Amino acid sequence: MKSNSKPPRLREGATVAVIAPSSYPDYPHFNLYGGLEYIRSLGYRVVLGDTLKHALMNGLTSAPPQERAKEVNWAFTDKSVDAIICARGGVGSLELLRLLDYEGIASNPKPFVGYSDTTSIQNAVLSLCGLPTIQGPMAAVGFAGDSDIERTKGYWATLISVLRGETPTLG
């Protein structure tokens, strides 16, 4: 089931799916809308996973496990989606591992970006599909009023450089 290819480079105007496979970013120190607008300002089209569009809340997670897994599977298999960026980490991604379509993921390599709780998904995708993922900035993190937004933009600049296939330099 391992993928024989790496994700294609991300071009300007590409479609980025923002999904919530863990917690829903509804806390004062997150700003999902600011992150979405920033991604759009970089020249990308943004589509939202259902857990964000419908603002589903299920305790600490964005939705029940089956719905979150369906969202991850959709983001990988939808041909119109070029990259996947998680809204935030939190809790709950371990519940998805048995529900993910690893054959569909391996057949549709694309960048998957997140960190924290999404690491379990990233490790499974690498291990079972041979598809590397990126520990990188998430859509809702770093854009709240008390955040260092300039630092956050620096993280995004590095991520976009990597997604475009450029070699980032350390400053």
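The values are calculated or read from the model by the stated rules, or taken from the named source; none is laboratory data. Just so it is clear, the structure is predicted and the values come from calculations on it, not from any experiment. Neighbour counts are summed over all protein chains in view; Cβ atoms, including those assigned to glycine, are modelled from backbone coordinates with ideal geometry. For accessibility, only protein heavy atoms count, side chains too; no ligands or nucleic acids. Shrake-Rupley method; radii C 1.70, N 1.55, O 1.52, S 1.80 Å.
In this structure, Val16 does not qualify as surrounded by 14 or more Cβ atoms within 10 Å (Cβ to Cβ) and part of a helix (DSSP H, G or I). Looking across the range 106-136, the residues that are in contact (Cβ under 8 Å) with a residue 60 or more places away in the chain, out of contact with any strand residue (DSSP E or B) (no Cβ under 8 Å at 6 or more places or on another chain) and not hydroxyl-bearing (Ser, Thr, Tyr) come down to Ala106, Pro109, Asp117, Leu128, Cys129, Gly130, Pro132. In the range 106-132, which residue that is open to solvent by 10 Å² or more (accessible area, probe 1.4 Å) and under 19 Å from Ser62 (Cβ atoms) is nearest to the chain's Cα centre (by Cα)? Filtering first and then ranking leaves Tyr115.
Figure legend. Inter-residue proximity from the range 22-40: first residues within 18 Å of Tyr115 (Cα to Cα) and open to solvent by less than 10 Å² (accessible area, probe 1.4 Å), second residues among the polar types (S, T, N, Q) and in a helix (DSSP H, G or I), beta-carbon distance below 8 Å, spacing 6+ or different chains. Indicated pairs: Ser22/Ser93; Ser22/Ser116; Ser22/Thr118.
Which residue is modelled with the lowest pLDDT, if the candidates are limited to the range 41-52 and must be open to solvent by less than 40 Å² (accessible area, probe 1.4 Å) and over 19 Å from Ala14 (Cα atoms)? Applying the filter and picking the extreme gives Leu52. Against the criterion of being of a type in the set (A, V, I, L, M, F, W, C), in a loop (DSSP other than H, G, I, E, B) and within 28 Å of Arg164 (Cβ to Cβ), Phe76 does not qualify. Does Arg151 satisfy being under 23 Å from Asp26 (Cα atoms), among the charged types (D, E, K, R) and surrounded by 17 or more Cβ atoms within 10 Å (Cβ to Cβ)? No, not satisfied. Just a yes or no: is a residue in the range 140-156 in contact (Cβ under 8 Å) with a residue 12 or more places away in the chain, under 15 Å from Pro21 (Cβ atoms) and in a loop (DSSP other than H, G, I, E, B)? Checked against the condition, which is being in contact (Cβ under 8 Å) with a residue 12 or more places away in the chain, under 15 Å from Pro21 (Cβ atoms) and in a loop (DSSP other than H, G, I, E, B), the range 140-156 yields at least one hit. Checked against the criterion of being open to solvent by 70 Å² or more (accessible area, probe 1.4 Å) and not in a strand (DSSP E or B), the candidates Arg9, Arg68, Arg88 yield just one match: Arg9.
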